[in-house]
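Take a look at the structure below.
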Amino acid sequence: MITPDRSQSAARRMLAKLMKPLVTLFGCLALFIPMPMLLAATVEYDLTIAWQEMNFTGRMVKALTVNGQLPGPPLRFTQGDHAVIRVHNQLDEETSIHWHGILLPNAMDGVPFVTFPPIAPGKTFIYEFDLRQSGTYWYHSHTMLQEQRGLYGALVIAPKDGNAFDRLRDHVVVLSDWTDEDAGSVLHTLKRGSEWYSLQKGSGQSVLGAARLGMLDAYFSRELQRMPPMDLADVYYDRFLLNGAQQQSLAAQPGEKIRLRVIAGSATTFFYVQFAGGPLQIIAADGQPVQPFTEQRLLIGVAETYDVIITMPADGSFEFRATAHDGSGQASLWLGTGPRHNAADIPYPNLYSSMSGLSLKRVLALTPGGSMGMSGTEVRAGKFDQPGMNGMDGMKEMEHGAMPQDAGEMNLAGMASAPEMKHAGHDIAGVAHENMSSDKALNGHPGLGMPTHEQPAAPGSIWLRLLAEDVSSKAPLAADGMSPERPWPPYDKLRAVQPTAFDPDKPVREIRMTLDGDMERYVWFLNNKPLSAADHIEIKRGEVVRFIMINRTMMHHPMHLHGHFFRVLNAQDEYSPLKHTVDVAPMTTTVIEFAAEEFGDWFFHCHLLYHMESGMARLVHYHDFTPDAATAAVRQHLYHDPFHLYGRVDLMSPMAHGAVVYANTRHIFSAEWQVGWQRVDDLHWEVTPAYDYYLNRFASVFAGIDLEGAGNHVEKHEGIFGLRYLLPLNIASRAWVDTAGEFQFAVSKHLELTPRLAVFSEAEYDTGERWEIRAGATCLLAKHFSLIGQWHSRFGWGGGLRWQF
Ligand SMILES: [Cu+2]
C-alpha cells in the first residue's frame, strides 16, 4: 500500500542520458541551474485510515490504523521534494491528518475548521506541498480524540547535503500511550472528576500517605492554599508503546553509532528516555539541529522530537527505555545481542513535594491566580514576563526564587541547574536490574504476557497497602524538576547551530497569556478563556511575534504552534533554539518569538489531547487573511463547546441523595435532590435545580429554585440566587438568598485518608429552618461505585452504595 513513487530516479536516469553527450558543452552552464530544479522530485504516498481490531492488553479492541499499521508507516522524503499524499478515509466518521512541525501552505496543514473542512467518511483528500526543511517530524489526526486511538506516525526528511550524522544508520522511535478505554469515555471521566485514574496509577495522595512520608505540612499547606493535588498526567494508560509494542529489538553491532529519531506521539504522556549503554548525544530538537551535547536522561514533552546518537558498547544487549513521566509504565527498545543490560530505574515522582512556600497573601487570595502567587494584576503589570519559576514569593531567599531581570541572564531556574548536578548515589547507565524477567521481556508479542508496571518493593505496613497504592508506597521518590534524577526538558542546553535572533529593527508584537485550568471540572484556558469563548490572536506579516506564556497551574503544558518555528528564549541568547512545541512547566514562564512570515490561519494549542479538547487553544490569524469559502463556511465548528452529562446517586438505608449535572466549559445546569424516610412521619424530599455561571476554579454564581415537601405536599417553593466559593483548605461553600428573604449558608469538605477511603462532612444553616448536618465516609470500590456510610442530623445513621456516572 505504501508506495513512495520515486519518479525522481526515473527522471534522473532520463536526465543523465540526455546530458551525457552535452555534459562537456554545458558543464559550466549547469552550475548556474539552481539545484532544487535538478533534484526536485515528487514523492507520493497513499494513506488509508480505517478501524482495525488490535490486541495490546490481552483483549481485542478497535484501533485506528493507517495502512493497517499502528503507528502509521514512517513517511520519508528528501528536502526539496514535492510531497503528494492522498489520505483515504474509510471510517464512518470525519478525519484529518496534520503534518506536525512542517512548514507548508496554510490549506495543507490539516486542521479541521481552521485550514480545511474535515475529510468526510469515504472521501479522499490530497495533500500537496514542497518540503522546505529537513529533520524528524510526525503526523497525526487533528480530529476530536482520534490521536489517542492510534492515528499517528513518523515523518522524516533527509537533508539535501547531509553531514556526518546523516550518514549514520537511523532508526525511528515513535513513543505513545494506549488505553483500551474509549477516548470519549476517558474525557467524560476527567470531566466528571474521579479519583479512579490516580488510584489505578498508584499516584493518589492522602493524609496517611503524607504522614508516612513525614510530609503532612506540605499536604495541608497545599490544601490551605486551595491547590489541587498535583499529578503529572491525568489519564491511566494500560500500555506505553514504542513503535506500537511494549518491547522491541533492533540488531546493532558493538561500537556502532546509531541515530534514534525519538518522537513523542503520545496523547498525554511525557517520557524520560535513557540508554543502558551510555549517554545520549542530542543532535536535534523538533527536527532542527542543535550543537551536540550529552545527557544521561532526557525528558521529552508530548509532540516534541529529539534526534539522539547512541554508541553500542562492546557486547551485549542494551536497553533504550522510555519511562512515562508519572512513573506508571515504560516501553523499551533492545539493541544488540548477548547478555542483557537494563536501563536504570527512575525514581518515582514525589507528588507531595510542594513547589511553593506558604504565605498568608496566597491563603487569602480571592482568585486562583492569586493563590498561585500570580494574580491578574501582577500578570498585567508584567511581573512574570521573564522566563523562569513563578509564584515563589514565599521562597524569595532561595536560589530558585530570584527572577533574572536581564534578558541575557534568562534562565529557566531549576531546569538549568538540575542537569549540571551530579547523579549522586544513582548509577545511571549499564546497571542490570533483576526486576524484569529476561525471557519474558522479548516474547515478540506486543503487550502480551508482559509485566505492565514494575513496582519497587513498597515500604510500610501491609494494611495500608491493602487499602490502596499511594505515592508514599513507592520507592525511591524524588521531587519532579527539583531533583537531578527527575530533570525537566533540557531547554537551556539547546543551542542552535547558527544565530536565530531576528533583525532588531522589526516591529515586535508582544502577547502575554496565562495558562489556567481547573483539574476538578477539567476545563483548561488561555487568559482564563476557553477557545469557544475567545477571539483569535491577530498578528501581521513582517512583524516579530512574542508569546509570554505564564503557567498558573500545577501541570506541564506542551504548547504547539502550527506552521512556524519559534525561538525559545533561553540561556543561549542569539543562538536560542528553534522549536515547534515547548513545554511550559508548572508555575513557570516561557517566552517564545517567531517571525510572522507564514500567511494564514494557524492553530496554537496545548498538545495534551484532553487539554486541547477542553479549551486550551487559540486561532492565530494573520491580518488580511481570508480562508477559502469551504473552510469559512465550517469555521464555527471550531468554537463548539459540547455539554457533558454526569452525576451521582447515594442510595442508603435512611435516605437517598444525588446530583445530576449537565455542563460545558462555562455553563452548568444541575439538580440536587434528597429524599429521607427514616425518623420522619412522611417521606421528606428536597430538589434544587439551578443554573451556574462558572467564573473560575474558586467561584460560580447561580440562580435556581428550592423545592421542599413531605409526601405529596409541597412545603416550600422559592427562587434562589447565590454564590459558590472555594474557601481555604479546599472547603466548598455556598450561600443563597431566596425570594422569601431567607438566607442559607452551606459548607462541605472531604479528605482522603487513603486514596480509597475518604471522610466527608456537610453543614447547612438556613435562617428559615435550622441546621442540617451530615458526615460520613466513602470507600472507592470501582470506577463507578463506592461504599458510603453516614450520619444525617434529620434521618440518622445509615449506609449504602454510591453510584457515579
Ligand atoms: Cu495543557
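Go through region 754-781 residue by residue and tally those that are among the basic types (Lys, Arg) and assigned to a strand (DSSP E or B).
1
Determine the pairs where a residue that is outside the structural domain of Met549 (by TED's automatic domain parsing), located within region 503-528, has a partner that is within 14 Å of the ligand (Cβ to nearest atom) with Cβ atoms under 6 Å apart, the partner being 6 or more residues away or on another chain.
Short answer, once both residue conditions are applied: none.
Step by step: first the residues of region 707-734, then only those that are under 40 Å from the mean Cα position of the chain (by Cα) and farther than 19 Å from Pro368 by Cβ, then the one that is surrounded by the fewest Cβ atoms within 10 Å (Cβ to Cβ). Which residue is that?
Filtering region 707-734 for residues that are under 40 Å from the mean Cα position of the chain (by Cα) and farther than 19 Å from Pro368 by Cβ, the one surrounded by the fewest Cβ atoms within 10 Å (Cβ to Cβ) comes out as Phe721.
Which of the residues that make up region 583-618 are more than 16 Å from the ligand (Cβ to nearest atom), in a strand (DSSP E or B) and either aromatic (Phe, Trp, Tyr) or at pLDDT below 95 (or both)?
Of everything in region 583-618, those that are more than 16 Å from the ligand (Cβ to nearest atom), in a strand (DSSP E or B) and either aromatic (Phe, Trp, Tyr) or at pLDDT below 95 (or both) turn out to be Phe594, Trp602.
Here is a check on your reading of the model: is Pro254 closer than 18 Å to Asp170 by Cα and not in a strand (DSSP E or B)?
Spelling it out, Pro254 is indeed closer than 18 Å to Asp170 by Cα and not in a strand (DSSP E or B).
Report, by residue number, each residue of region 525-560 that is assigned to a strand (DSSP E or B) and within 14 Å of the ligand (Cβ to nearest atom).
Once the filter is applied, which keeps residues that are assigned to a strand (DSSP E or B) and within 14 Å of the ligand (Cβ to nearest atom), region 525-560 yields Phe525, Leu526, Met549, Ile550, Asn551, His557, Pro558, Met559, His560.
Restricting the search to region 188-214, which residues are among the hydrophobic types (A, V, I, L, M, F, W, C) and either within 23 Å of Met60 (Cβ to Cβ) or touching a Pro at 6+ places or on another chain (Cβ under 8 Å) (or both)?
If the condition is that a residue be among the hydrophobic types (A, V, I, L, M, F, W, C) and either within 23 Å of Met60 (Cβ to Cβ) or touching a Pro at 6+ places or on another chain (Cβ under 8 Å) (or both), then Leu199 is the only one that fits.
Would you point out the residue of region 548-592, among those that are farther than 27 Å from Ser375 by Cβ and small (Gly, Ala, Ser), that is surrounded by the most Cβ atoms within 10 Å (Cβ to Cβ)?
The residue in question is Gly563.
I'm trying to understand the selection: among the residues of region 619-639, which are hydrophobic (A, V, I, L, M, F, W, C) and either part of a helix (DSSP H, G or I) or within 16 Å of the ligand (Cβ to nearest atom) (or both)?
Answer for region 619-639, where residues must be hydrophobic (A, V, I, L, M, F, W, C) and either part of a helix (DSSP H, G or I) or within 16 Å of the ligand (Cβ to nearest atom) (or both): Ala629, Ala630, Ala632, Ala633, Val634, Leu638.
Across region 584-624, which residue is nearest to Ala479 (Cα to Cα) among those that are among the acidic types (Asp, Glu) and in contact with a helix residue (DSSP H, G or I) (Cβ under 8 Å, 6 or more places away or on another chain)?
The extreme case among them is Glu613.
Checking Thr665 against (1) in the same structural domain as Leu561 (by TED's automatic domain parsing); (2) within 16 Å of the ligand (Cβ to nearest atom), only one condition comes out false. Which one?
Just one mismatch for Thr665, condition (1).
Against the definition (out of contact with any His (no Cβ under 7 Å at 6 or more places or on another chain) and surrounded by fewer than 21 Cβ atoms within 10 Å (Cβ to Cβ)), how does Ala324 come out, yes or no?
Judged against the criteria, Ala324 is not a match.
Any residue in region 555-567 that is in the same structural domain as Phe599 (by TED's automatic domain parsing) and in contact (Cβ under 8 Å) with a residue 40 or more places away in the chain sitting within a Cβ distance under 7 Å of a residue that is small (Gly, Ala, Ser) and more than 10 Å from the ligand (Cβ to nearest atom)? List the pairs, counting only those 6 or more apart or interchain.
His556/Gly301; His556/Ala585; Pro558/Gly301; Pro558/Ala303; His560/Ala303; Gly563/Gly600; Arg567/Ser576
Kindly indicate whether Leu260 is of a type in the set (A, V, I, L, M, F, W, C), in contact (Cβ under 8 Å) with a residue 24 or more places away in the chain and farther than 17 Å from Ala154 by Cβ.
Judged against the criteria, Leu260 is not a match.
Kindly state which helices (runs of 4 or more DSSP H) lie completely within region 329-392 and contain at least 2 residues that are surrounded by fewer than 21 Cβ atoms within 10 Å (Cβ to Cβ).
Fully inside region 329-392 and qualifying: 360-363, 376-380.
Does region 217-228 include one or more residues that are modelled with pLDDT under 90 and within 20 Å of the chain's Cα centre (by Cα)?
yes
Of all residues in region 481-502, how many are away from the ligand (no atom under 16 Å from the Cβ), part of a loop (DSSP other than H, G, I, E, B) and in contact with a strand residue (DSSP E or B) (Cβ under 8 Å, 6 or more places away or on another chain)?
Of the residues in region 481-502, 10 are away from the ligand (no atom under 16 Å from the Cβ), part of a loop (DSSP other than H, G, I, E, B) and in contact with a strand residue (DSSP E or B) (Cβ under 8 Å, 6 or more places away or on another chain).
Tell me which residues, restricted to region 661-684, are part of a strand (DSSP E or B) and within 43 Å of the chain's Cα centre (by Cα).
Passing the criteria: Val661, Tyr662, Ala663, His667, Ile668, Phe669, Ser670, Ala671, Glu672, Trp673, Gln674, Val675.
Which residue, of Val759, Val747, is under 40 Å from the mean Cα position of the chain (by Cα), modelled with pLDDT of 95 or more and more than 22 Å from Ser194 (Cβ to Cβ)?
Val747 is the lone residue from the list that is under 40 Å from the mean Cα position of the chain (by Cα), modelled with pLDDT of 95 or more and more than 22 Å from Ser194 (Cβ to Cβ).
Looking at (1) in a strand (DSSP E or B); (2) in contact (Cβ under 8 Å) with a residue 60 or more places away in the chain, can you tell me which one Gln281 breaks?
(2)
Hey, any hits in region 137-150 for a residue that's touching an Asp or Glu at 6+ places or on another chain (Cβ under 7 Å) and at pLDDT below 95?
No, because not a single residue in region 137-150 is touching an Asp or Glu at 6+ places or on another chain (Cβ under 7 Å) and at pLDDT below 95.
Here are some conditions: (1) surrounded by 21 or more Cβ atoms within 10 Å (Cβ to Cβ); (2) under 21 Å from the mean Cα position of the chain (by Cα). Lys529 meets all but one. Which one does it not meet?
Checking Lys529 against (1) surrounded by 21 or more Cβ atoms within 10 Å (Cβ to Cβ); (2) under 21 Å from the mean Cα position of the chain (by Cα), the one that fails is (1).
Considering each of Ser176, Ser185, Ser221, Ser198 in turn, give the residue that is within 30 Å of Pro755 (Cα to Cα), surrounded by fewer than 18 Cβ atoms within 10 Å (Cβ to Cβ) and not aliphatic (A, V, I, L, M).
Ser185
The values are calculated or read from the model by the stated rules, or taken from the named source; none is laboratory data. Small disclaimer: the values here were computed from a predicted structure and weren't measured. We place every Cβ from the backbone using ideal geometry, glycine too, and count neighbours over all the protein chains shown.
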